[in-house]
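Down below is the structure, laid out as structure tokens.
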Amino acid sequence: MEYQQILEEIYQQILPYAKEGKQADYIPELAKVNPDQFGMCINTIYGETASIEQADTRFSIQSISKVFSLAMCLSIKGDDLWKKVGKEPSGTAFNSLFQLEIEKGVPRNPFINSGAIVMADILLTNLADPEADYLRFVRTVAGNDTIDYNRQVAESEREKGYLNAAIANLLKYHNSIDNDIERVLQFYFLTCSIEMSCRELSLAFLAFANHRRKFDYAGITLTSSQVKRMNAIMQTCGFYDEAGEFSYLVGLPGKSGVGGGIVAIYPLQYSVAVWSPRLNPKGNSVMGIKALELLTSYTKESIF
Ligand code: GLU
């Protein structure tokens, strides 16, 4: 498969969408990002790679970090994790409060904010040095020691994070989190603030694409079956309230973030990351979704 040629063709096809959508601005630091950027990188499990445009520019991975958090929590808690968080698509916005209230503090899945805040609490309780341990895991799985948090972004989100604070308070009311609310929020925002490029994300997610390879990074270990199940959750819950549409258009499991990044995997074949800050009304990158739709159309490959 000539991935480089395909990616270059895709870029030409998506240029007409370059001004569609709007970058996230509810996190003040993200509002400062130049919205007119695009990068894409694919890596196969056999070592082939192809990339276009700003594949090496780092951006805020935001909710994509929820996949790393899930890997760590599953490794630590095993199936007990599912007592604290569900695995059904939510059908509501990623930061919705009302479903959490009706379901008495048990988040629908680990990829909505309430689920990720519960995971942040689990990690705070179980890791010896949560901030260092989390970063070590992400660096190890990506094979890159320069990946880091952006504390300015985390702080900026904390200042305006009223909705996430409301979610954390509701979780605390229902005894769904053990640690101090402020501490949990601070750690959650920090994990979201990690910056990575498309190339780094695509390489990191090869660990999920290739579930036959041993998953053992910085002490975080998962069985092949756990990795496959994580991919199932990415398929059903990875794209906000648009997971059905993404399945229909692209047909791959993955996760997106409000920084405009999307990572998707084709199990036992490749991992692909795409980034462009302009989002559609559901919070997914406009050019990103279009590029991935074209990728699976051109290659005639998807999980379906
Ligand atoms: N830190 C962001 C928030 O909690 C993450 C949102 C996202 O990327 O979906 O609102």
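Overview of results
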| read-out | value |
| --- | --- |
| Those helices (runs of 4 or more DSSP H) lying entirely in the range 158-266 with at least 1 residues under 30 Å from GLU101 (Cβ atoms) and within 16 Å of the ligand (Cβ to nearest atom) | 162-173, 181-192, 224-237, 243-249 |
| Which listed residue, of SER302, SER297, SER276, is hydroxyl-bearing (Ser, Thr, Tyr), over 25 Å from TYR134 (Cα atoms) and free of Cβ contacts under 8 Å to residues at least 24 places away in the same chain | SER297 |
| Some residue of the range 185-203 being over 19 Å from the mean Cα position of the chain (by Cα) and within 20 Å of GLN62 (Cβ to Cβ) | no |
| Residue among GLY78, GLY47 that is at pLDDT 95 or above, away from the ligand (no atom under 16 Å from the Cβ), open to solvent by less than 30 Å² (accessible area, probe 1.4 Å) and of a type in the set (Gly, Ala, Ser) | GLY78 |
| Qualifying residue in the range 68-75 (condition: open to solvent by 40 Å² or more (accessible area, probe 1.4 Å) and not in a loop (DSSP other than H, G, I, E, B)) | no |
| Residue under evaluation LEU123, criteria (1) under 18 Å from SER176 (Cα atoms); (2) assigned to a loop (DSSP other than H, G, I, E, B), criterion not met | (2) |
| Test result for ASP216, within 17 Å of the chain's Cα centre (by Cα) and open to solvent by 20 Å² or more (accessible area, probe 1.4 Å) | no |
| Count of the range 1-40 residues which are in contact with a Leu (Cβ under 8 Å, 6 or more places away or on another chain), assigned to a strand (DSSP E or B) and either at positive phi or open to solvent by less than 50 Å² (accessible area, probe 1.4 Å) (or both) | 1 |
| Which listed residue is closer than 20 Å to THR49 by Cα, open to solvent by 30 Å² or more (accessible area, probe 1.4 Å), more than 16 Å from the chain's Cα centre (by Cα) and among the aliphatic types (A, V, I, L, M), from LEU249, LEU268, LEU295 | LEU268 |
| Subset of the range 50-69 that is under 9 Å from the mean Cα position of the chain (by Cα) and more than 18 Å from ARG158 (Cβ to Cβ) - its residue that is nearest to the ligand (Cβ to nearest atom) | ILE64 |
| Some residue of the range 13-28 being touching a residue at least 12 places away in the same chain (Cβ under 8 Å), of a type in the set (Val, Ile, Thr), away from the ligand (no atom under 16 Å from the Cβ) and under 14 Å from CYS198 (Cβ atoms) | no |
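The values are calculated or read from the model by the stated rules, or taken from the named source; none is laboratory data. Since the model is a prediction, treat every value here as computed from it, not as a measurement. Cβ atoms come from the backbone with ideal geometry, glycine included; neighbour counts cover every protein chain shown. These accessible areas exclude ligands, DNA and RNA; they are computed on the full protein's heavy atoms, side chains included. Shrake-Rupley method; radii C 1.70, N 1.55, O 1.52, S 1.80 Å.
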